[in-house]
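A short worksheet on the structure shown next.
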Amino acid sequence: MTHIDSKAWLLIIAWLLPLCGFVIEVFAGYWSHRCPGGRYKSRTAAYLAVGCIGGGFLLSLSALISGISDWGLLEHQTSHSQAAPLESDNPDAHATAHFTVANVPHGEDADTGETGHGGGQKYVSGEIYTLGTFGKLRIAIDYYVDSLTLIMFTMVTLIATCIHVFAIGYMDDERTEDHTDHQVHLADGSHLHRPGRFYLFFSYMSLFCFSMLGLVLAGNIFMVFVFWELVGICSYLLIGFYVERRSASTAANKAFIVNRVGDFGFIIGLMILWTSFGTFGFKSYTDGNDGAHPEPGLFEMVRDDHGKVDVEKTDHGSIVRIQDHDDKSASIPYWLLVAAGLGIFAGCVGKSAQFPLQTWLPDAMEGPTPVSALVHSATMVAAGVYLAARFFPVFLPEVLLTIAYVGAITLFVAATIAIVATDIKRVLAYSTISQLGYMMLAIGLGGWGAGLFHLITHAFFKSLMFLCSGSVIVGCHHEQEMPRMGGLRKKMPITACTMLIGVIAICGLAVPGVSLWGYKIAFSGYHSKDAIVATAMTYAHLNPAHSLLFLAPLVTAGITAFYMFRLWFYTFAGEPRDQELYDHCHESPRVMTVPLMILAFFAIFCAVGGEGGPLYTAISHSETIPEHIADSAITLPSHKQIAGYHQQAGILALLVAAVGTLLAWLMYGVGRPDPGIIRRQFAGTHEFLVEKWRFDELYDAMFIRPVHVVAAWFSSFDRRVLDGVLHWFAHTGVVLARWNRWFDESLVDGIVNWIAVRVQAIGQSLSVVQTGRLRQYVMFIALGVVTLFLLMFALFPQT
Amino acid sequence: MDDFHILLPTLVIFAPTFGAIILALMPRDNVEGLRYTALTITVVTFVLTLMLLGGFDFDDPKMQHEVVAAWIPNWNINYQLGIDGISLPLVLLTSFICLLAMLASWSVTKQVKGYLILFLLLETGMLGVFMATDFFLFYVFWEVMLLPMYFLIGIWGGPRKEYAAIKFFLYTLFGSVLMLIALLMIYYNGGQHFDLVGLAEQAQDPEGGLLVDLTMQKWAFWLLFIGFAIKIPSVPFHTWLPDAHVEAPTPISMILAGVLLKMGGYGILRIAFPLCPEAVGHASTILVAIGVISIIYGAFAAMAQTDFKRLVAYSSVSHMGYVVLGMGVVGVVGAAHGEGFIGSDYWAMGINGAMFQMLGHGVSSAGMFFMVGVVYDRVHHRNINEFGGLASRMPLYTGLAAGIFFAGLGLPGLCGFVGEVFVVLSAWQFSKLMAIIAASGVILTAGYILWTLQRVYLGAEYKGPHEEALTPIRPRELIVAGVLLAFAILLGIFPNTMFSIMDDSIQHLANGMAGKIGS
């Protein structure tokens, strides 16, 4: 095996650990015996799963630390730049240092692969093994490790570990041999009793972790697709974990099939890239290329050393020159590269539940809550954003604009639905969709770092909030409807408190104008949302035609604050609405609250320092900012321009969020104006929102029913037409055969028989000459000979 | 090469025949003895094919283990065998699936002796088809395989067995007749011999040619193609398949889907393509269209089925569509990229993908039919809407079945994915529209497979009759299903194990033909 960098080794082991865990855990039904003396099965499978993912976290962390020291990830990239004047008027001293990066020529910034800062390479990549080689074409399982990979690995493993631990408590009732599922009613009206599936849950979770880490580790887009599908199937298995519930299995199917619609686009993107570039790799290998000229990757082929796309106008439309290729004249039509980008993005739309494929995510809440926290908020759904960010160099301006608009529409639509949702998990689900929309928007606007920044902070505070809701659900004995809750803060103080942290974080509240040791008093969400809003504002100023891309996130920031505080007030504040529920309610055990506290810690502090802080700085080391293409109508904002709008945007966003919070407090904390009255006044709108903008009905009428109709057509075409033709032939064959038989028996046989009868009759009549007398025979012979001779002479007279 | 290696191909082919003779001499009431003897024979055959693999040179694209002996010298007919990278994986697949199907044959209780004898004769026929390098011998084996299959469906089948058996027989026979015509055309135009290797070289010779008259060559190609397309089966020649599958007993369904269908694809690669290269260039668009139509049509038709086995049968039609598509994406030189990009690499990838799809489908469809058989043996019905809740009653079985159905769905890490995706990826250079339509198949496939899984395995209650018969999976069934799933995973994770066998021969074929098509 060729040399593999130590960071890659660590990550590869961290990646494979959960797979080993899965293989062992999935058979745990056979080996996890009962606890001594109890009616519960042992927790061994869970401990194993926690061990695997926890080990993965330690390995990822050591890889991250090694990356920090090798690549100087915490140093601002401007450390060697002399041209950058400091902007003293910026309140955020830490951010300032970074913003100057905009003054550095992009070439140096983008081309970290070969001439990166600090002289070293900022990524390592290489091959793990080959899937197939066809002439010059090669598809392999590769790894690609840069600061983004390291951070994603650490984030995923850390959150997954917390959620695994939480799940030990949450899934505890699955350890019995006789688990009662109160949501399943059998034909005789009783509830379903079944053996618990504690071990199975953890084995699925381990499989998911393996798939998710593989997706992040992937060094080529094909491998991303492979793990993309695998996380999809894990999501399917986990959503449908309660296989007996019809709603769960339907939701699982929906999730997978809707994702496949996106993947259909993904495949088209893959086909275009594969046929046009002949490779799937992101960048050339750093490991094991023997010093020879390395095979270039997609990023190096689309953009030149300065991060520029070489567009050329020809008679047949614009083309993009392929860089770094053996054949200097190689090119790809411009529209085709746009189509490839849109195709890949279609995959991201499905996975990240963006408009118009957002419908599967709320239904996915049928899965157990830890699943919602891990798969459907923190990691898998963020994979779409991750891929959009990872593939950023291949996206042309048209694609980016599409991404931005899709993000903007999504974040608004989802937020409006969240206002009226009453199921605590569904509110969070819509909130997740909305926040993913923010990330997509940021990436589409060129705010690469801001989008990923939000991805990480969101992962922490949203998984925190999901776990809190899980804690509430367990505490309230599987009640999820918020109108039945209320006042729970007294019964569940830790949950209420950590939830509040999450809510504040997502709303982006902060104490303006005050700073502590040079840091703003704000939770993680403030920094990342601020970065996005600032990017959007700058973008809107540079491209006034697209002001909507700024308005949508700004308004939605207010809506977000409103529905999140609504959720909190509904659940934890006020007086209990259902006294019985309240009385039986209890705080969750330590195994569940400790993960909450850990996640709350990160939800507060992970983004400390904002855009000057360690997290953002480390992410930005992987950034590849494209220069905008000269003849594109869009101007992407630079870091410096964004910095100019930063303060203004921050104040606006804070103001809007404060208004939202205030409204929520008035309506759901104080009760004036009464939300019930408003609901009645806007009954039509309310219903429209409750019906989720009627996307489900629309898709049902547009796609699902037609598909079944076509299927029925094809099936009956087979039976009626194709088999009909065949049967006609068969039938004709039989008819012909009957005919033939008649012909044979009546005509042919008739003639033959007639002849036979005649011959017999002649024989009979001639039998009289057969007398046995020799003289008579001799006479016959003589007569015969004479007759023959006469005939001969008569017929052949000359010879 | 020593004597043993010269004998080996013959041994492989006739080991099952030899076994059939032994069985014929055994008493008919010792059912277990008969079964174990037959099982031993299939194991021996499998081991012999593994020895073929052991002696195989992966880097040699040409025929290996060649055996030539005059058979009917007057007509230049030889007993001629050989294997290359295209046939070896299929030979392995055949002996492998036969071994598992034999294990699954314990469920057959009627006239066991006759069944086992026919089963083994069928195996001989199939192995012969994959190893014959003489066209006439190929034809003979092709017919030899037909008869046992006819009886196996017609005697041991379900309620409409006679209809299904006759439909199968006539369909295939029709194809054989077309092949026979083509065989004669080639014989009289190609130096009056049947040596496939020699004929291929002649056909791909840039100076000369086999069927020099293009019209004649096109005729020969289409006759051959239809003959093989019936076997694949491609839409619209596929209607024998659902009936044959529905009526055939489980192990025979496994062989039918796992091996028999592959003979069509193999025939195209071994005979129709190399012998009529120029015609392939002209026919490619239609081939691709047939492949794509099969993919979509099969998937839609599968979605509408309520008979579990019929559904799996239609999924076979859909999956085998990728095989035709992959073979048809003829690429000579990529026009868009000048000299740097050689389209024939993409074509070779398409053929590789098609071959892999055949192997992957061999494993996954045999597995799917077996899984259907397992529940059918218990509850004696196959109505998808009258299942449900099997997951809680037969958890291990459900886990294995889910794995195998996911392989059919084309999930990465399982065997169905690699073939499908490689074929689709290679299709774009040929036709963007066709590639897009083919790719849309992934949505439909996910739709009908997941919907089926939901109706059969998930849910709270079993809705059909004979609920008490739903007992957990038995060890013998477990072995068959487990081995199939293990191979589905193995092929899915390490596809290069197969590509490394196939690639050189396929490259050789594609390059040889590309020269002729491109000129």
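No lab work stands behind these numbers, since they all come straight from the coordinates. Just so it is clear, the structure is predicted and the values come from calculations on it, not from any experiment. Cβ coordinates were reconstructed from backbone atoms using ideal geometry, including for glycine residues, and neighbour counts include every protein chain displayed.
Here are a few things to note about the model shown:
- In degrees, nearest ten, helix A:639-664 long axis to first principal axis of chain A (Cα): 90 degrees
- Other protein chain C-beta atoms within 10 Å of residue C-beta, averaged over B:232-238: 2.
- Shown is the FRET efficiency for A:Val594 and A:His686, computed with R0 = 35 Å from the Cβ-Cβ distance and rounded to the nearest 0.05: 0.30.
- Local electrostatic count at B:Asp59 - Lys and Arg +1, Asp and Glu -1, tallied over other residues with Cβ under 15 Å: -4
- Full extension of the chain between A:Leu548 and A:Val659 gives 37.9 nm of extra length, using 0.36 nm per residue less the Cα-Cα distance.
- Folded to 0 to 90 degrees: helix B:277-303 orientation relative to chain B principal axis, Cα: 10 degrees
- Rg/Rh, computed from the Cα trace of the protein assembly as shown with Rh as the Kirkwood radius, has the value 1.07.
- With a simple spin-label model that places each label point 7 Å from the Cα along the Cα-to-Cβ direction, the separation between A:Ser515 and B:Arg476 comes to 7.9 nm.
- 222 nm mean residue ellipticity, helices alone, for chain A (DSSP H n ≥ 4; -39,500 (n - 2.57); rounded to 500): -20000 deg cm²/dmol
- Segments A:410-423, A:248-261 sorted - mean Cβ within 10 Å per residue, highest first: A:248-261, A:410-423
- Size of charge dipole - the stretch B:154-223 - debye, nearest 20, with Cβ of Lys, Arg +1 and Asp, Glu -1, no other charges: 640 debye
- Dipole magnitude for the stretch B:2-517: computed about the Cα centre from +1 point charges on Lys and Arg Cβ and -1 point charges on Asp and Glu Cβ, it is near 1700 debye.
- Neighbouring partner chain Cβ atoms per residue of A:249-262, average, 10 Å criterion: 4
- Here the simple spin-label model places points 7 Å from the Cα toward Cβ, and for A:His586 and B:Thr10 these points are separated by 8.1 nm.
- Our estimate of slack between A:Ser746 and A:His541, defined as 0.36 nm per intervening residue step minus the Cα-Cα distance, is 64.0 nm.
- With Cα atoms, 0 to 90° folded angle of helix A:493-507 axis to chain A main axis: 80 degrees
- Long pairs among A:Lys122/A:Lys520; A:Lys122/A:Lys308; B:Lys262/B:Lys516, criterion Cα-Cα beyond 21 Å: A:Lys122/A:Lys520; B:Lys262/B:Lys516
- Net charge of Cβ neighbours under 11 Å - reference A:Ser203; Lys, Arg +1; Asp, Glu -1: 0
- Normalising the average separation of contacting C-alpha pairs (under 8 angstrom, six or more residues apart) by the number of residues puts the relative contact order of chain B at 16 percent.
- Summary of packing: across the peptides B:256-268, A:763-775, the per-residue average of other C-beta atoms within 10 Å ranks them, highest first, as B:256-268, A:763-775.
- Highest to lowest packing among B:63-73, A:387-397, scored as the average C-beta count within 10 Å: A:387-397, B:63-73
- Inter-chain Cβ neighbour average for residues B:419-427, partner chain, 10 Å: 4
- Modelled this way, with points 7 Å down the Cα-to-C-beta line, the labels at B:Asp57 and B:Trp71 are 2.6 nm from one another.
- If R0 is taken as 60 Å, the Cβ-Cβ distance between A:Gln776 and A:Trp739 corresponds to a FRET efficiency of 0.70.
- Summed over qualifying helices (DSSP H, 4 residues or more, each -39500 (n - 2.57)) and divided by its residue number, chain B shows a 222 nm mean residue ellipticity of -24000 deg cm²/dmol.
- Computed E for A:Leu788/A:Val721 - FRET, C-beta separation, R0 56 angstrom, nearest 0.05: 0.20
- Sum of side-chain charges, A:Ala496 neighbourhood, beta-carbon under 11 Å (Lys, Arg +1; Asp, Glu -1): +2
- For chain B, the spread of Cα positions along each principal axis, largest first, Å: 71, 56, 40
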